[in-house]
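Since every read-out is calculated from the coordinates, none of them should be taken as a lab result. On a predicted model such as this, the values are computed, not experimentally measured, just so you know. So basically every Cβ, Gly included, is an ideal-geometry build from the backbone, and we count neighbours across all protein chains shown.
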Amino acid sequence: MQIVLYIVLFLLILIFSSKKCIESYYLKGKHGPEDICEGTDGYHFFDRHKVDCGVDLINKWDFASAPDRRHGNCRANINCVEGTKQRHGGHIDMATDWKDGGNMHVANLDKSFNIECGDFPIKYFKLQNSYNPNKFRFNYRCGKIPMKNCTEHSTPAQDTHHGRIDWLNRHNVKCGGKKALSKLKYVYSGNPGHYYYKFRCCDPEDG
């Protein structure tokens, strides 16, 4: 009888341990706000396209034209990582420095498009414009619980085509698996008119 009890106890421990090894967090797709972007030179309408996963984490941000390019609109295809430990604990509101927007050419975004949370997750970001004088910055939120196993990545450099924001749809910022973003920076490639994104992806934890 005692041997049977030991076997049952061993099996219970084995089952419990195997469950702990299975990741319970998951990806959930959503669209960002749909609003005008095509046919307008400059980035000024980019402030209508916030990226927001609420308390959850960002796995993918793919700024794209709306289906059938309706009304000249764009919207972002976003993957949020839900069910993580990092969704707890709230967030810290952050902002990049105000920078001169000049003629509002998309290339100017590299002056302030530098969202950095270290090894903490990005949960939200949005361009903010200020006029008279023409300046801009990015507001963003960092989670308060760190992630692990961070890796650095980048997108291929792409043409900005007269500075229109709809040409940002040439980039697809996406972390592999169920990793989440902790850094996103728009960078000049050294080739005139061509820019790319640097980004960091980290492993969240179950929670």
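Points to keep in mind about this one:
- Fully extended contour minus Cα-Cα distance, from Lys148 to His88, at 0.36 nm per residue: 20.0 nm
- Range in the chain, longest, excluding exposed GluC sites (Glu not before Pro) [loop by DSSP; at most 14 other beta-carbon atoms within 10 Å]: 24-204
- Charged-residue dipole, Cβ positions (Lys, Arg, Asp, Glu), the chain about Cα centre, Debye nearest 20: 320
- Within the shell of other residues whose beta carbon sits under 14 angstrom from the beta carbon of Ala157, the net charge comes to +1, with Lys and Arg scored +1 and Asp and Glu -1.
- Karplus-based coupling profile of the range 122-135, in residue order and whole Hz: 7, 10, 6, 7, 6, 6, 10, 9, 9, 10, 6, x, 7, 9, with θ = phi - 60° in 6.51 cos²θ - 1.76 cosθ + 1.60 and x standing for Gly or Pro.
- Farthest towards the positive end of the charge dipole of the chain, among the residues Ala180, Leu109, Phe125, is the Cα of Ala180, using unit charges on the Cβ of Lys, Arg, Asp and Glu.
- Principal-axis tilt of helix 2-21 within the chain, Cα atoms, nearest 10 degrees: 0
- The chain, helix-only ellipticity at 222 nm - DSSP H runs n ≥ 4, -39,500 (n - 2.57), divided by all residues, nearest 500: -3500 deg cm²/dmol
- Fraction of C-alpha pairs exceeding 20 angstrom in the chain: 60 percent, rounded to a whole number.
- With the cut-off at under 12 Å, measuring from each backbone N in the range 113-141 to a point 7 Å along the Cα-to-Cβ line of Asp35 picks out 126-129.
- Span per principal axis, largest first, for the Cα atoms of the range 82-196 (Å): 42, 32, 21
- Karplus-derived 3J(HN,Hα), 6.51/-1.76/1.60, for each residue of the range 141-147, Hz, glycine and proline x: 10, 10, x, 9, 10, x, 10
- Within the range 25-132, the percentage of alpha carbon pairs spaced more than 18 angstrom apart rounds to 55%.
- Cα centroid separation, the range 147-207 to the range 25-44 (Å): 15
- Computed label-point distance, nm, for sites Asp110 and Ser189 using a 7 Å Cα→Cβ extension: 1.1
- Amide H contacts under 5 Å for Leu57, placed H, 5+ residues apart: Val81
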